[in-house]
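First comes the structure, then the notes that go with it.
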Amino acid sequence: MASEPSKKTTLPELPFEDWTNTRLTVHIILQIIGKTRLKLTPRKNHWWYITIYVSSKGFGTHSIPIEDGLESLEIEFNIPEKAVTFHCTSGQQFSIPLVNAPTIAQFYANFQEILDKLDLHPQFTEKPFDLGIDTPFSELTAYHHYDWDFIDRFWRVMRWNQSVFQEFSGRFYGKTCPVHIYWHHMDLTVTRFSGKKLPAMDASARLLEKDTYSHEQISFGFWIGDDNVREPMYYCYTYPSPEGLDQQPLQPESAAWADSNGSPMALLSYEAIRKSEDPRAAVLAFLESAYQAGAQLAKWSVQELTVPDFKDL
C-alpha cells in the first residue's frame with residue numbers, strides 16, 4: 001500500500017501594516033517582561049540572560065531565580081488565557097487580564113503591583129527601547145490594541161521558526177546560543193561562534209555592542225519587520241564581515257544580499273517562504289547557504305564544526 005504524501009506546511013499571513021498597533025502593544029509588553037528578566041537574572045555572555053522564549057503558552061522568561069535562588073519566578077505573555085501570568089515555585093500565582101484591552105500605562109501599574117507583592121524591585125529604564133517612543137511606560141496610553149487573531153498568528157509563526165532554528169542549531173559543534181527572542185527588535189535568533197576572540201571595540205561603542213560582538217560570529221534570525229524593512233524577514237550576517245561576502249551564492253533563489261550599516265546581510269522574505277512548496281527545506285537551505293558563505297570566507301574550521309549524521313559516526 002502506497003504511503004500518503006506528507007501534508008504541506010501552511011503558514012499564516014503576517015502582513016506588517018495590518019497589525020501595527022497590536023504589534024507595538026505586544027512588543028512593549030514583551031519589553032517590560034524582558035527588562036524585568038534582565039535585572040533579576042545573573043549575567044550571561046552576549047546578553048543571553050535578558051532574552052525571552054517561545055513557549056507552549058506564548059512568550060515567557062523561563063525560570064528567574066528569586067529569594068537568593070531558593071525560589072523562582074516565570075512571567076509569561078499567556079496567549080490562550082489572554083493574560084500576562086506570574087508563577088512562583090512557592091505556589092504564588094498572579095494574572096493581569098488583557099481581554100479588556102488595558103493601555104500600557106494600566107498594564108504597567110498592574111505589573112508593578114504584582115512585583116511589589118513579590119518584594120521584587122528591578123530598576124530599569126522605564127521607557128521602550130529602540131522604538132522611537134520617549135513616553136514612560138507609566139504614561140503610555142496610546143497603545144491598547146489586542147487583535148488576538150494576529151497575536152495568535154505571530155505565535156504560530158514564531159513556534160514554527162523556533163523548531164526550524166533548533167534543527168539548524170543542532171548541526172553545529174561549536175558554541176551556539178539558545179534559540180531565543182531579543183525583545184528590543186522582537187527577533188528570534190540563533191548565533192554560531194568560531195571561538196575566535198575579537199579586539200575590544202573603542203570607547204565610543206555602546207555597551208550593547210561591546211558584549212554582543214566580543215567574538216567572531218555568524219548570526220541568524222527572523223524578525224517581524226521594522227520601519228526600514230516593512231515585512232517579516234529572515235536574515236543572516238557574519239561579524240566581522242569578510243571581503244566578498246555579498247558575492248557568495250544564497251539559496252533559495254529569492255534570497256539576496258542587502259547593505260546593513262555598511263556590511264552585507266542575507267535576507268529572505270517570510271512571504272516567499274510561506275508560498276514555497278517546502279517552507280522548512282527552504283529556510284534551512286537559506287540558513288545553511290548563508291552560514292557557508294560567511295564561514296568559508298572567514299576561514300572557520302567548517303568540517304570540524306559540522307555535526308555528522310548518526311550513520312557517519
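The values are calculated or read from the model by the stated rules, or taken from the named source; none is laboratory data. In this text, all values refer to a predicted model and were calculated from it rather than measured experimentally. Using ideal geometry, Cβ is built from the backbone for each residue, glycine included, and neighbour counts are taken over all protein chains shown.
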Of (1) out of contact with any Gly (no Cβ under 8 Å at 6 or more places or on another chain); (2) closer than 30 Å to D68 by Cβ; (3) not assigned by TED's automatic domain parsing to the domain that holds I28, K175 satisfies every one except (1)
Checked T189, T176 against criteria (modelled with pLDDT of 95 or more and under 22 Å from L24 (Cα atoms)); the one match is T189
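Rundown of residues vs (1) within 27 Å of D149 (Cβ to Cβ); (2) part of a strand (DSSP E or B); (3) not assigned by TED's automatic domain parsing to the domain that holds T85, yes/no style:
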| site | (1), (2), (3) |
| --- | --- |
| L11 | yes, no, yes |
| L24 | yes, no, no |
| I29 | yes, no, no |
| I33 | yes, no, no |
| L38 | no, no, no |
| I50 | no, no, no |
| Y53 | yes, yes, no |
| F59 | yes, yes, no |
When the stretch 242-255 is checked residue by residue, the ones that are closer than 30 Å to P199 by Cβ and either in contact with a helix residue (DSSP H, G or I) (Cβ under 8 Å, 6 or more places away or on another chain) or surrounded by fewer than 16 Cβ atoms within 10 Å (Cβ to Cβ) (or both) are P242, E243, G244, L245, Q247, Q248, L250
Within the stretch 215-230, residues being surrounded by fewer than 17 Cβ atoms within 10 Å (Cβ to Cβ) and in contact with a helix residue (DSSP H, G or I) (Cβ under 6 Å, 6 or more places away or on another chain) number 1
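Let's see how each residue does on (1) touching a Pro at 6+ places or on another chain (Cβ under 6 Å); (2) modelled with pLDDT under 95; (3) assigned to a loop (DSSP other than H, G, I, E, B); (4) farther than 21 Å from R37 by Cα:
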residue	(1), (2), (3), (4)
F86	no, no, no, no
F94	no, no, no, no
V99	no, no, yes, yes
P128	no, no, yes, no
S138	no, no, no, no
A142	no, no, yes, yes
H145	no, no, yes, yes
Inside the stretch 201-257, the number of residues satisfying the requirement of being under 22 Å from the mean Cα position of the chain (by Cα), among the charged types (D, E, K, R) and in a loop (DSSP other than H, G, I, E, B) is 5
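I'm checking my understanding of the structure. Among residues of the stretch 251-273 that are out of contact with any strand residue (DSSP E or B) (no Cβ under 8 Å at 6 or more places or on another chain) and not small (G, A, S), which one is farthest from V157 (Cα to Cα)? Steps first, answer last, please.
First, pick out the residues of the stretch 251-273 that are out of contact with any strand residue (DSSP E or B) (no Cβ under 8 Å at 6 or more places or on another chain): 251, 253, 261-262, 271-272.
Now narrow it down to the ones that are not small (G, A, S): 251, 253, 261, 271.
Values: Q251: 21, E253: 22, N261: 27, E271: 12 Å.
Within the stretch 251-273, the match that is farthest from V157 (Cα to Cα) is N261.
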For the stretch 28-44, pairs from a residue that is over 15 Å from K127 (Cα atoms) and touching a residue at least 60 places away in the same chain (Cβ under 8 Å) to a residue that is of a type in the set (A, V, I, L, M) and outside any loop (DSSP other than H, G, I, E, B), with Cβ under 8 Å and 6 or more apart or across chains, are L40/I64; L40/I66; L40/L73
Inside the stretch 81-106, the number of residues satisfying the requirement of being out of contact with any His (no Cβ under 9 Å at 6 or more places or on another chain) and closer than 29 Å to E67 by Cβ is 15
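Conditions tested, residue by residue: (1) within 17 Å of T191 (Cβ to Cβ); (2) crowded, with 20+ Cβ neighbours inside 10 Å.
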site: L268; (1), (2): no, yes
site: E271; (1), (2): no, no
site: S276; (1), (2): no, no
site: F286; (1), (2): yes, yes
site: Y291; (1), (2): yes, yes
site: L297; (1), (2): no, no
site: W300; (1), (2): yes, yes
site: E304; (1), (2): no, no
Restricted to the stretch 111-126 and to residues being part of a loop (DSSP other than H, G, I, E, B) and of a type in the set (S, T, N, Q), the residue surrounded by the fewest Cβ atoms within 10 Å (Cβ to Cβ) is Q123
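Inspect the stretch 162-173 for any residue being part of a loop (DSSP other than H, G, I, E, B) and under 19 Å from N45 (Cβ atoms) and give the result as yes or no.
We begin by selecting, within the stretch 162-173, every residue part of a loop (DSSP other than H, G, I, E, B); these are 170-171, 173.
Add one more test, that the residue is under 19 Å from N45 (Cβ atoms), and what stays is 173.
Yes, the stretch 162-173 contains a residue that is part of a loop (DSSP other than H, G, I, E, B) and under 19 Å from N45 (Cβ atoms).
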